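Student: A single structure is presented below for examination.
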Amino acid sequence: MTGRTTPTGPFSSGAGAMPRFRHLVGWVLRGGVVLAAILLMAGLILAYANGSSVSSPSSLTRATFAHTLASGGPSGLLLAGLLVLVLTPVARVALSCVSFALARDSPFVAITALVLSLLTGTIVVGFL
């Protein structure tokens, strides 16, 4: 024995740990994609049923973004679908960060936290 402890958590080699994490990540990714698809299809169907064309505003500011989402019309549903589609991978990285933290795997917590901050920062800067 070298005195090293075996890591525990979702990425350890313990019985069932990795499959449980993969299962959870799979549900998050599938759920995000399915929800985004439902919102996008509902927006397109609603636009078609109303006979309206769906166009994006020339400049999407925070005010028009919030107003479009709150409107609940075809454009709001389409925007919500795109938002869910963009945030799904962010949720996966956040889930990984929490998982690594629970496993007390400091290097991977740092790496996934950096990736999460880059993703979040990019989204925020792109939205300004």
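Student: Given Val90, Val115, Val84, Val25, which one is surrounded by 13 or more Cβ atoms within 10 Å (Cβ to Cβ) and out of contact with any Ser or Thr (no Cβ under 9 Å at 6 or more places or on another chain)?
Tutor: Exactly one residue qualifies, and that residue is Val84.
Student: Mind checking which pairs have a first residue in segment 59-82 that is under 22 Å from Val125 (Cβ atoms) and a second that is outside any helix (DSSP H, G or I), Cβ under 7 Å, 6 or more apart or different chains?
Tutor: Thr64/Pro57
Student: If you go through segment 57-72 one residue at a time, do you hit one that is modelled with pLDDT of 90 or more and buried (at least 18 other Cβ atoms within 10 Å of the Cβ)?
Tutor: The answer is no, given that none of the residues of segment 57-72 is modelled with pLDDT of 90 or more and buried (at least 18 other Cβ atoms within 10 Å of the Cβ).
Student: Just to verify a result, which residue in segment 97-124, among those that are assigned to a helix (DSSP H, G or I) and in contact with a Pro (Cβ under 9 Å, 6 or more places away or on another chain), is farthest from Leu24 (Cα to Cα)? Working first, answer last.
Tutor: We begin by selecting, within segment 97-124, every residue assigned to a helix (DSSP H, G or I); these are 97-102, 106-124.
Now drop any that are not in contact with a Pro (Cβ under 9 Å, 6 or more places away or on another chain), which leaves 99-100, 102, 119.
Values: Ser99: 11, Phe100: 14, Leu102: 15, Leu119: 21 Å.
Checking each candidate, the answer is Leu119.
Student: Sticking with this one: Give me the residue from segment 93-107 that is farther than 26 Å from Leu35 by Cβ and in contact (Cβ under 8 Å) with a residue 12 or more places away in the chain and, out of that set, surrounded by the fewest Cβ atoms within 10 Å (Cβ to Cβ).
Tutor: Filtering first and then ranking leaves Arg104.
Student: Take the residues in segment 8-54 that are among the hydrophobic types (A, V, I, L, M, F, W, C), modelled with pLDDT under 75 and in a helix (DSSP H, G or I), then tell me which one is nearest to the chain's Cα centre (by Cα).
Tutor: So the residue we want is Met18.
The values are calculated or read from the model by the stated rules, or taken from the named source; none is laboratory data. Values in this document were obtained by computation on a predicted structure and should not be read as measured data. As a convention, Cβ positions derive from the backbone with ideal geometry for all residues, glycine included, and neighbour counts pool all protein chains shown.
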